[in-house]
């Protein structure tokens, strides 16, 4: 399974944008980039996914590098409820999701 | 549809007892997955089903663990002769046959005493 590399932790201020980086240098052509987040005492929650083009939804934006070897999850205006562990995952429909250790995001009021 | 439902939410059992967890996926989702998560770690894959067929099992799934998905609907995960090391959150997820995301349940927290 292709691996991703994320910082262990990040901090940001409330109401400011947050950029969560992910490196995936061994990505294959069929791998989609998925992001999930897990709030305390809850199951993971799907955030966004993309293949080559940048993607936006109501939760976040996903910026994918042209060579697809890295991506960035962007939370446009962080709130305290965004404090969670964020997982960057490579996924193709023929496989299953394998979680790494993710990035623990803390939000300062 | 209210999402993926898992029961019970919490289970405390004595070492050596058998336990069974249930997962009700989103009805139109063909795939169903089981994961285990211990404190401070990401979820670990255990097994998954496509409809009623169990397509993959992790090496983490010892012979004390068995999962079923009769008729391709709900699924059960049974742990026989529980050990303290089985204490964890057991998560179920479902997905359609595509690259769209998984929907996870809230999990069943197992404590073996």
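The values are calculated or read from the model by the stated rules, or taken from the named source; none is laboratory data. Since the structure is predicted, the reported quantities are computational estimates derived from the model, not experimental observations. Every residue, glycine among them, receives a Cβ derived from its backbone with ideal geometry; neighbour counts consider all protein chains shown.
For this structure, a couple of remarks:
- Summed over the range B:18-52, residues that are out of contact with any strand residue (DSSP E or B) (no Cβ under 7 Å at 6 or more places or on another chain), loosely packed, with under 13 Cβ neighbours inside 10 Å and in contact (Cβ under 8 Å) with a residue 12 or more places away in the chain total 2.
- Residue B:106 vs. criteria assigned to a loop (DSSP other than H, G, I, E, B), surrounded by 15 or more Cβ atoms within 10 Å (Cβ to Cβ) and facing another protein chain (nearest Cβ under 9 Å): yes
- Within the range A:59-89, if we keep just the residues that are within 14 Å of chain B (Cβ to nearest Cβ) and more than 10 Å from the chain's Cα centre (by Cα), the residue that is modelled with the lowest pLDDT turns out to be A:59.
- Filter result for the condition that a residue is under 25 Å from residue A:109 (Cα atoms), touching a residue at least 40 places away in the same chain (Cβ under 8 Å) and assigned to a strand (DSSP E or B), over A:73, A:62: A:73
- Filtered residues of the range A:81-109 (kept if part of a loop (DSSP other than H, G, I, E, B) and touching a residue at least 40 places away in the same chain (Cβ under 8 Å)): A:83, A:92, A:94, A:95, A:97, A:98, A:99, A:100, A:101, A:102, A:109
- Residue within the range B:65-86 that is facing chain A (nearest Cβ under 10 Å) and surrounded by fewer than 21 Cβ atoms within 10 Å (Cβ to Cβ) present: no
- When each of A:44, A:17, A:7 is tested for being at pLDDT 95 or above and buried (at least 18 other Cβ atoms within 10 Å of the Cβ), the lone residue that passes is A:44.
- Being in a loop (DSSP other than H, G, I, E, B), out of contact with any strand residue (DSSP E or B) (no Cβ under 6 Å at 6 or more places or on another chain), crowded, with 16+ Cβ neighbours inside 10 Å and modelled with pLDDT under 95 is not true of residue B:101.
- Which listed residue is more than 14 Å from chain B (Cβ to nearest Cβ) and within 27 Å of residue B:38 (Cα to Cα), from A:56, A:23, A:8: A:23
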